[in-house]
Amino acid sequence: ADFNGDGRLDIYVANDGMPNFLYVNRGESVAPRFENQSTLLGAAVNFQGKAEASMGVACGDYNGDGWMDLFLTHFYAETNTLYQNVDGASFRDETISAGLGPSSRSKLGFGTEFFDPDNDGRLDLIVTNGHIDDFSYKPGSPPYAMLPQLYRNQGGRFEDVSRWAGAFFQKPEIGRGLAVGDWDNDGDIDAAISHQKTASALVRNDTETEHRGIFVRLIGGPKSNRSAIHTIIEAEGEGVQVPLVREVIGGGSFQSHSDRRVHIGLGEAEPLERLKITWPSGKMDEWGNIKPGHYIAVEKQFLLPSPTGH
């Protein structure tokens, strides 16, 4: 993702038991091109200065300021960590203030993603959990199988709504991989989760909401990349003061890859007045009066409804 807004793709690496890496892309004319600045920028360790056992990582603009933030899952007895991107200049650990600390300390998190299952325009969080060892023979030990978690974004602070999220979130599993996408093509975003010793799960989103969203499949031109990684999409509507910003991310979660189609829950931005796409090449496309649904966008050519949703 582009963490500092300079138009160049940076790389974040979540490490197990040591400080995380943030390789800032300084451009082709600088050697080395990528420099690890995680400590300098505040994304290496938590607010206590401790390196954690990072497992999964998610990237997205959770607070709606246009900058890509980071969420990391960690080992049992550690909290997961939310790094807020502060104007592209540094990162700040907002785990506690965002309500993500205590509920994660009794879990061992793996796959995770930012996503918007209720289409309200705010990115929520989903986490799959499970220990790496089975200590069931030792009384008082942490469980092997653990409950997955769903956090609803209440405007920068998250509420654990797992108990109301359906039967899947009530069954402990040894969770590992996690990906999100509209696998049934019904206009909202679902999840797929793998488990250590049981079958993987397709989790269908049946959230009742008045909001709608759009999905955009991006195809980059010769000067970008066909997968359109690092493309920025901005959605503007009469009900929002700042655009909803999404970026095509090159990786994340844990040993998983989510739907490449970009999902934007419109929330108060409906009706959608303008959709702006900034491609990795620097070229920009704009369209107006977009209706909710699935679309295919090809760099500097067209935006078409996708008849099959794919």
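The values are calculated or read from the model by the stated rules, or taken from the named source; none is laboratory data. In this text the structure is predicted, and so the values were computed from the model without any measurement. A quick note on method: Cβ atoms are made from the backbone with ideal geometry, for glycine too, and the neighbour counts reach across all protein chains shown.
So which residues in the range 98-144 are touching a Leu at 6+ places or on another chain (Cβ under 9 Å) and hydroxyl-bearing (Ser, Thr, Tyr), if there are any at all?
Thr112, Thr128
Any residue at all in the range 39-60 that is among the hydrophobic types (A, V, I, L, M, F, W, C), part of a loop (DSSP other than H, G, I, E, B) and modelled with pLDDT under 95?
no
Given the options Val13, Val30, name the one that is without any contact (Cβ under 8 Å) to a residue 24 or more places away in the chain, farther than 24 Å from Leu178 by Cβ and aliphatic (A, V, I, L, M).
Val30
Okay, residues lined up against (1) of a type in the set (S, T, N, Q); (2) touching a Gly at 6+ places or on another chain (Cβ under 9 Å):
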| site | (1), (2) |
| --- | --- |
| Gly7 | no, yes |
| Met18 | no, no |
| Asn46 | yes, no |
| Ala58 | no, yes |
| Thr73 | yes, yes |
| Thr95 | yes, yes |
| Gly99 | no, no |
| Arg105 | no, no |
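Please go through the range 50-65 and pick out each residue that is surrounded by fewer than 21 Cβ atoms within 10 Å (Cβ to Cβ) and over 14 Å from the mean Cα position of the chain (by Cα).
Residues satisfying the conditions are Lys50, Ala51, Ala53, Asp65.
Considering only residues that are touching a Ser or Thr at 6+ places or on another chain (Cβ under 9 Å) and either in a strand (DSSP E or B) or farther than 21 Å from Pro222 by Cα (or both), which ones fall in the range 266-296?
Answer for the range 266-296, where residues must be touching a Ser or Thr at 6+ places or on another chain (Cβ under 9 Å) and either in a strand (DSSP E or B) or farther than 21 Å from Pro222 by Cα (or both): Ile277, Thr278, Met284, Asp285, Gly293, His294, Tyr295, Ile296.
For the subset of the range 155-185 comprising residues that are surrounded by fewer than 16 Cβ atoms within 10 Å (Cβ to Cβ) and without any contact (Cβ under 8 Å) to a residue 24 or more places away in the chain, which member is nearest to Asn80 (Cα to Cα)?
Across the range 155-185, the extreme among qualifying residues is Val161.
Being buried (at least 22 other Cβ atoms within 10 Å of the Cβ) and either out of contact with any Gly (no Cβ under 8 Å at 6 or more places or on another chain) or at pLDDT 95 or above (or both) is the requirement here; does Ile126 meet it?
yes
Condition check ((1) surrounded by 21 or more Cβ atoms within 10 Å (Cβ to Cβ); (2) hydrophobic (A, V, I, L, M, F, W, C); (3) under 18 Å from Gln154 (Cα atoms); (4) touching a helix residue (DSSP H, G or I) at 6+ places or on another chain (Cβ under 9 Å)) across all residues:
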residue: Thr209; (1), (2), (3), (4): no, no, yes, no
residue: Arg217; (1), (2), (3), (4): no, no, no, no
residue: Lys223; (1), (2), (3), (4): no, no, no, no
residue: Ala228; (1), (2), (3), (4): yes, yes, no, no
residue: Ala235; (1), (2), (3), (4): yes, yes, no, yes
residue: Ser253; (1), (2), (3), (4): yes, no, no, no
residue: Ser258; (1), (2), (3), (4): yes, no, no, no
residue: Glu268; (1), (2), (3), (4): no, no, yes, no
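Among all residue pairs at least 6 apart or on different chains, which show Cβ distances below 9 Å where the first residue, located in the range 290-304, is farther than 23 Å from His211 by Cβ and the second is modelled with pLDDT under 90 and exposed (fewer than 14 other Cβ atoms within 10 Å of the Cβ)?
Val298/Leu304; Glu299/Pro222; Glu299/Lys223
Can you find a residue that is more than 29 Å from Ala235 (Cβ to Cβ), touching a residue at least 12 places away in the same chain (Cβ under 8 Å) and within 21 Å of the chain's Cα centre (by Cα) anywhere in the range 186-197?
Scanning the range 186-197, I find at least one residue that is more than 29 Å from Ala235 (Cβ to Cβ), touching a residue at least 12 places away in the same chain (Cβ under 8 Å) and within 21 Å of the chain's Cα centre (by Cα), so the answer is yes.
Within the range 237-284, which residues are among the small types (Gly, Ala, Ser), more than 15 Å from Asp116 (Cβ to Cβ) and modelled with pLDDT of 90 or more?
Those that are among the small types (Gly, Ala, Ser), more than 15 Å from Asp116 (Cβ to Cβ) and modelled with pLDDT of 90 or more: Gly252, Ser253, Ser256, Ser281, Gly282.
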